[in-house]
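Only the coordinates and a few stated rules stand behind these numbers; no lab work does. Just so it is clear, the model here is predicted, and its values are computed rather than measured. Cβ sites come from the backbone with ideal geometry, for glycine too, and all protein chains shown count toward neighbours.
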Amino acid sequence: QKERLQQIADIAPVTVDQKLVRLAANINTEKEVEHALRSGALGVGLFRTEFLYMDRDSAPSEEEQFDVYRRVAEKLGGKPLIIRTLDIGGDKRLDYMALAKEDNPFLGYRAIRISLDRTELFRTQLRAVLRASHYGNIKMMYPMIASLEEVRAANAHLDSVKRELTAEGIPYNAAMEVGITIEVPAAVMIADALAKEAAFFSIGTNDLVQYVLAVDRMNETIAHLYEPFHPAVLRLLNMTVEAAKNAGIPVAVCGELAGDVKALPIWLGLGIEELSISVQSILQVKDRLLQSDQAECRKLLEELLKLPTAKEIHERLSEAERQYS
Ligand code: PEP
Ligand code: MG
């Protein structure tokens, strides 16, 4: 099976009816890039930079981050690299940041909220990303955006850091694309406004599901309630794509659901441009993609959107899957 899958690594990820869906990789560390490329990834759709900050006594310096971002971009040889700014908090802690203990960490001091509060930390990262952007095809995105103000505040820092670099004569890509993750239901509700100020959307289903269903993604006791195929999730996905299409910006999906073959008809039905997937799942998704028909998935999605329960959505998707066994 593994060998058979390896044979499709270099084939273009297109459906039977010739629709291209870019399959990219999620990576947590630099080391994963080689594996991603061997699996035929067309780029990195999510680089979780918080791993650079973890298991150490202090935050990585600008120089250290610059080196990593530049090397990853260069290893990708022109394929896009989407760097997500620090997404710490929630389940990920940093001892040296002395974060207060919170009753509800996933609803607390996390991701962009920390970056906009600890601005030296954020600006150091922005400088490193911008400097690396001169050496490869780098894009950047902000995690856990819940309001337009957050995007504007983050971009204000970005603009000011750009001015600093210009004044210092340090090269960077002034046109680097900046997108946002869609993982808070509020962002979906204002996606039309956000789409006007973001170059792209990347849907983080891991958090989107936990936030819309009010189900802590780490809590074993209620794990059975964590239901990615809940009709509410499907509607949010559909709304996000509609808003992006109206604004003419691309949408990717980077949560674990992007790597679940059962969800593939949903992505194809929605017309998602890119799926960013854990490296181990890329070839399995590609295998299924090569046998899928987008036009059929569009019809299937219409049906799915009308179903009122997760159970019925599961059943309909399982029925659709039978044609591949
Ligand atoms: C997500 O929330 O779906 C996501 C991709 O980000 P993370 O799992 O790092 O929170
Ligand atoms: Mg997330």
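Please report the orientation-averaged projected area of segment 211-258, defined via the convex hull of its C-alpha atoms, in nm².
3.7 nm²
Report the convex hull volume per residue for segment 160-318, counting only C-alpha atoms, in Å³.
On the way: hull volume 24.2 nm³, N = 159.
Looking at segment 160-318, the number lands at 152 Å³ per residue.
Do the sum for the chain: with -39,500 (n - 2.57) for every DSSP H run of n ≥ 4, divided by all residues, what is the mean residue ellipticity at 222 nm, to the nearest 500 deg cm²/dmol?
Value at 222 nm, helices only: -13500 deg cm²/dmol.
Mind sorting Phe106, Phe200 by how few other Cβ atoms lie within 10 Å of their own Cβ, fewest first? Numbers along the way, then the final one.
Numbers: Phe106 17, Phe200 20.
In increasing order of surrounding Cβ atoms, one gets Phe106, Phe200.
Please list, in chain and number order, the residues 5+ apart from Lys139 or on another chain whose amide H is under 5 Å from its amide H, with Hs placed from the backbone.
Leu81, Ile82, Ile83
Please give the contour-minus-distance gain from Met189 to Thr166: 0.36 nm per residue of separation, less the Cα-Cα distance, rounded to one decimal in nm. Write out the running numbers ahead of the final one.
Details: separation 23, 0.36 × 23 = 8.28 nm, distance 3.67 nm.
Going from the current span to full extension adds 4.6 nm.
Would you mind giving the average projected area, over all directions, of the Cα convex hull of segment 76-165 in nm² with one decimal?
Mean projected area for segment 76-165: 6.6 nm², to one decimal.
How are the C-alpha pair distances of segment 80-229 spread across 5 Å bins, as whole percents from the shortest bin up?
Final binned percentages: 2, 9, 18, 19, 19, 15, 10, 5, 2, 1, 0.
Shape call for the chain from the C-alpha gyration tensor, a ≥ b ≥ c root eigenvalues: rounded (a/c under 1.5), prolate (a/b greater than b/c) or oblate? Don't skip to the answer; put the middle values down first.
Numbers: a/c = 1.70, a/b = 1.37, b/c = 1.24.
Judged from the Cα gyration tensor, the chain comes out prolate (a/c at least 1.5, a/b above b/c).
State the dimensionless ratio Rg/Rh of segment 129-204 (Rg: radius of gyration of Cα atoms; Rh: Kirkwood radius).
1.02
What residues have an amide H closer than 5 Å to that of Ile182, excluding those fewer than 5 places away on the same chain, when H is modeled at 1.01 Å from N in the peptide plane?
Ser202, Ile203, Gly204
Please rank Val14, Val44, Val161, fewest neighbouring Cβ atoms within 10 Å first, as an exposure proxy.
Ordered by Cβ neighbours within 10 Å, fewest first: Val14, Val161, Val44.
Please arrange Ile11, Ile180 by counting, for each residue, the other beta carbons lying within 10 Å of its beta carbon, fewest first. Mind showing how you got there, number by number?
Details: Ile11 12, Ile180 27.
Result, fewest neighbours first: Ile11, Ile180.
Looking only at Gln65, Gln294, Gln18, which one moves most when the chain is put into a Gaussian network model with springs between Cα atoms under 10 Å?
Gln18
Using a 10 angstrom Cβ neighbour count of at most 10 plus a DSSP loop assignment to flag exposed trypsin sites (Lys or Arg not before Pro), which longest range of the chain is free of such sites?
After excluding every exposed loop site, the longest remaining stretch is 102-325.
Which of Asp293, Asp17, Asp87 moves the most in a Gaussian network model of the chain with Cα springs under 10 Å?
Looking only at Asp293, Asp17, Asp87, the largest GNM fluctuation is found for Asp17.
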